[in-house]
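Participant: I have a structure here, written as structure tokens, and I will follow up with some questions on it.
The values are calculated or read from the model by the stated rules, or taken from the named source; none is laboratory data. Bear in mind that the values here come from a model prediction, so they are computed numbers and not experimental data. Don't worry about glycine lacking a Cβ; one is built from the backbone with ideal geometry, like all the others, and counts go over all protein chains shown. Just the protein is used for accessible areas: all its heavy atoms, side chains included, with ligands, DNA and RNA removed. Shrake-Rupley method; radii C 1.70, N 1.55, O 1.52, S 1.80 Å.
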Amino acid sequence: MCGIAGAIWWNATQSIDVTVLQRMSRAIAHRGPDDHGLFCRSFPAQSTPNSTMDRPHTDVVPTEYEAYTKSTSGVASAPDISSTAGVALAHQRLSILDLAGGHQPLSNEDDTVWIVFNGEIYNYRELRCELESRGHRFRTQSDTEVIVHLYEEYGDDFARRLNGMFAIAMIDLRRRSTGHARLLLVRDRLGEKPLVYCQQEGRLAFASEIKALLEIPGLPRSLDPEAVDLFLTYQYVPHPATIYQDIRKLSPGEILLCELAPDGTAAQTLRRYWNPDWTDESHGRSEADWIDELRETLSDAVRIRLESDVPLGTFLSGGVDSTIIAGLVQRISGTRIRTFSIGFPESAYDETAYAREAAAFLGTDHTELQVQPDTLAILPKLTYHYDEPFADSSAVPTWSVSEITRRKVTVALTGDGGDELFGGYRRYRATQLGSYFDRLPRPLRATASLAFRLAQQLPIDRSNRNIGRQALRFLEMLHLPPLERYLQWIAIFHAQQRRELYRPEFYERILQTPSRMGNPYPDHRSLWFLEQAAAQTVRKHNSHG
């Protein structure tokens with residue numbers, strides 16, 4: 001995990017000086033404690049080639065946060081930010097690959113393209129070979145430098161060729177002598193790495209975490225009313241919203257381009273560069289064929305993630321997902337891997353027996369820790385790192401297992417997301433059941449609803465009655481489209497409850513705001529209802545990266 005931050009501006013009053021950039025970088029230093037670097041450059045929005053106003057670039061010594069300007073005499077001086085336009089980049093590094101090299105911000109050969117990058121590119125070796133065959137020359141062994149040359153070769157389409165998890169910010173200054181400069185922000189296909197940004201008059205700023213943006217003086221901090229409503233409904237704030245009205249999350253698979261023009265203005269475009277392939281390939285394929293492809297796909301996904309120059313391990317709960325991942329890591333690496341699990345005194349929440357059994361079967365070097373998490377002590381830390389309301393109860397145990405894992409290894413693989421991709425939750429079964437009811441005539445649906453009401457009066461245990469209430473709520477929403485029905489069914493505070501909770505003026509304001517909780521893949525409206533439901537749950541995971 002690394003941290004990135006920075007800005008591009010086309011108005012002198014909105015410039016980011018080195019002091020502010022330092023604060024932004026320090027705010028996310030926990031993401032990358034191994035190294036840091038800053039880059040600033042200011043220039044006039046209107047100039048001619050070789051103009052004396054086209055200032056040399058401003059940089060920062062990576063190890064000391066001391067700003068200097070590379071003048072022709074080589075004498076260090078304070079950076080000039082009085083010009084109209086400029087750019088700034090900051091990076092906090094957690095070293096995984098090329099520990100000695102790969103310092104960021106990193107540039108191309110003539111310092112006209114600069115990058116800060118959080119993540120890992122799994123196919124960087126193949127891309128590097130391709131680029132070298134096309135004449136590109138490399139100074140490091142890092143995957144970061146591959147991105148720069150890939151952009152030089154393919155322009156804005158470079159992201160399509162990346163297989164990895166990443167948040168990228170790239171500055172292109174190749175035409176700055178005519179007042180042109182451009183900032184590209186790119187987030188990986190499924191949103192594993194976070195990236196937030198703030199658009200203002202004369203400036204666009206970005207960072208890995210909201211707290212870095214809040215270091216910018218005068219940045220608005222007004223709450224977004226709809227974000228408050230979404231949080232109370234779904235326990236999180238889905239992308240592209242954040243809890244702040246003026247700060248947005250870059251959505252997975254999107255690229256944001258901000259391009260400065262010679263007249264001192266800027267044009268911004270936001271587009272999707274990737275969508276899942278929902279092509280139905282089931283015709284003529286047997287169950288054995290699907291099993292073989294799934295095994296091959298999972299094995300390849302694990303294999304490409306084992307590229308690391310630091311110690312690596314896995315979480316192990318004993319469930320299907322994490323056990324499969326740990327088993328594949330053990331088999332592919334050919335070594336006895338390290339696995340980690342935590343237990344709790346409450347037997348209902350303790351899974352260590354399953355993890356112990358899985359570790360013994362796989363033969364891993366297993367670490368198990370019984371914890372009594374002090375939730376009240378952990379909550380301030382979670383609040384600080386999430387930056388906005390987030391009510392997932394798994395956050396506390398995830399924090400605990402991450403804490404003990406970091407003492408032994410730097411990188412850990414998990415089974416997170418398996419239940420979403422494979423429909424492992426009860427709500428997906430209910431969603432499928434709802435599709436069967438959609439085929440029934442309306443009178444039969446009413447009869448089924450009445451049957452569930454009567455079942456509520458039977459002397460059954462409380463857990464079953466709760467299931468019955470959920471089923472009844474689901475039946476009462478059968479007139480809605482499948483995706484809208486699912487979203488209402490998973491809501492924590494329902495529409496009527498929120499209406500009773502809100503002040504009338506707040507509720508009316510919410511009603512007038514178009515909902516952001518539609519299909520995460522609007523280009524594919526014909527998705528099977530269960531795929532749409534799973535996509536919504538994945539959305540919860542990638543809203544915080």
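Participant: Condition test on I332, is it surrounded by 13 or more Cβ atoms within 10 Å (Cβ to Cβ), touching a Lys or Arg at 6+ places or on another chain (Cβ under 8 Å) and within 17 Å of V411 (Cα to Cα)?
Facilitator: Against the criterion (surrounded by 13 or more Cβ atoms within 10 Å (Cβ to Cβ), touching a Lys or Arg at 6+ places or on another chain (Cβ under 8 Å) and within 17 Å of V411 (Cα to Cα)), I332 qualifies.
Participant: OK, next. In the set R189, R175, R160, which member is farther than 19 Å from S15 by Cα, open to solvent by 10 Å² or more (accessible area, probe 1.4 Å) and free of Cβ contacts under 8 Å to residues at least 12 places away in the same chain?
Facilitator: When all the criteria are applied, what remains is R175.
Participant: Of all residues in the range 22-46, which are surrounded by fewer than 17 Cβ atoms within 10 Å (Cβ to Cβ) and modelled with pLDDT under 90?
Facilitator: Across the range 22-46, the qualifying residues are P33, D34, Q46.
Participant: Give the range 390-408 a look and list any residue that's closer than 16 Å to L94 by Cβ and in contact with a Phe, Trp or Tyr (Cβ under 8 Å, 6 or more places away or on another chain), or say none.
Facilitator: Residues satisfying the conditions are T405, K408.
Participant: Every residue in the range 3-21 that is in a loop (DSSP other than H, G, I, E, B) and either open to solvent by 10 Å² or more (accessible area, probe 1.4 Å) or of a type in the set (S, T, N, Q) (or both), please.
Facilitator: Result: W10, N11, S15, D17.
A quick yes/no check of all residues on (1) under 27 Å from F206 (Cβ atoms); (2) in contact with an Asp or Glu (Cβ under 6 Å, 6 or more places away or on another chain):
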{"site": "L232", "(1), (2)": "no, no"}
{"site": "I243", "(1), (2)": "yes, yes"}
{"site": "L256", "(1), (2)": "yes, no"}
{"site": "D263", "(1), (2)": "yes, no"}
{"site": "A266", "(1), (2)": "yes, no"}
{"site": "T269", "(1), (2)": "yes, no"}
{"site": "R272", "(1), (2)": "yes, yes"}
{"site": "N275", "(1), (2)": "yes, yes"}
{"site": "R303", "(1), (2)": "no, no"}
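Participant: I would also like to ask the following. Out of R429, R406, report the one residue that is under 24 Å from K211 (Cβ atoms), free of Cβ contacts under 8 Å to residues at least 12 places away in the same chain and open to solvent by 50 Å² or more (accessible area, probe 1.4 Å).
Facilitator: R406
Participant: Output the residue which, of all residues in the range 272-314 that are without any contact (Cβ under 8 Å) to a residue 24 or more places away in the chain and among the small types (G, A, S), is nearest to I342 (Cα to Cα).
Facilitator: A301
Participant: Looking only at residues that are touching a residue at least 60 places away in the same chain (Cβ under 8 Å) and charged (D, E, K, R) in the range 246-264, which one is most open to solvent (accessible area, probe 1.4 Å)?
Facilitator: Result: D263.
Participant: Let me ask something additional. Scan the range 104-135 for residues that are part of a helix (DSSP H, G or I) and in contact (Cβ under 8 Å) with a residue 12 or more places away in the chain and jot them down.
Facilitator: Within the range 104-135, Y124, L127, R128, L131 qualify.
Participant: For the subset of the range 129-157 comprising residues that are within 21 Å of the chain's Cα centre (by Cα) and among the acidic types (D, E), which member is surrounded by the most Cβ atoms within 10 Å (Cβ to Cβ)?
Facilitator: D143
Participant: How about the range 394-403: which of its residues are in a helix (DSSP H, G or I) and open to solvent by 30 Å² or more (accessible area, probe 1.4 Å)?
Facilitator: Scanning the range 394-403 gives P397, T398, W399, S402, E403.
Participant: Is it true that some residue in the range 233-245 is open to solvent by 60 Å² or more (accessible area, probe 1.4 Å) and under 20 Å from the mean Cα position of the chain (by Cα)?
Facilitator: yes
Participant: Follow-up question, since we're still on this one. Can you name the residue in the range 227-286 that is in contact with a Pro (Cβ under 9 Å, 6 or more places away or on another chain) and among the acidic types (D, E) and is also nearest to T383 (Cα to Cα) among such residues?
Facilitator: Only one residue fits best here, namely D246.
Participant: Identify all residues within the range 147-169 that are assigned to a strand (DSSP E or B), of a type in the set (A, V, I, L, M) and more than 15 Å from L89 (Cβ to Cβ); write none if there are none.
Facilitator: Once the filter is applied, which keeps residues that are assigned to a strand (DSSP E or B), of a type in the set (A, V, I, L, M) and more than 15 Å from L89 (Cβ to Cβ), the range 147-169 yields only M165.
Participant: Could you say which residue among V87, V113, V60 is among the aliphatic types (A, V, I, L, M), modelled with pLDDT under 85 and open to solvent by less than 20 Å² (accessible area, probe 1.4 Å)?
Facilitator: Testing whether each residue is among the aliphatic types (A, V, I, L, M), modelled with pLDDT under 85 and open to solvent by less than 20 Å² (accessible area, probe 1.4 Å) leaves just V60.
Participant: Which of the following residues is in a strand (DSSP E or B), under 27 Å from G417 (Cα atoms) and hydrophobic (A, V, I, L, M, F, W, C): L190, L185, L204?
Facilitator: The match here is L185.
Participant: Right, another one. Could you tell me which numbered condition I216 fails, if it satisfies all but one of (1) under 21 Å from D17 (Cβ atoms); (2) buried (at least 24 other Cβ atoms within 10 Å of the Cβ)?
Facilitator: (2)
Participant: Still on this model: Would you say E357 is open to solvent by 30 Å² or more (accessible area, probe 1.4 Å), at pLDDT 85 or above and under 16 Å from T405 (Cβ atoms)?
Facilitator: No, not satisfied.
Residue-by-condition table, conditions (1) among the hydroxyl-bearing types (S, T, Y); (2) assigned to a loop (DSSP other than H, G, I, E, B); (3) open to solvent by 40 Å² or more (accessible area, probe 1.4 Å); (4) at pLDDT 75 or above:
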site	(1), (2), (3), (4)
G424	no, yes, yes, yes
R445	no, no, yes, no
A451	no, no, yes, no
N464	no, no, yes, no
G468	no, no, no, no
L472	no, no, no, no
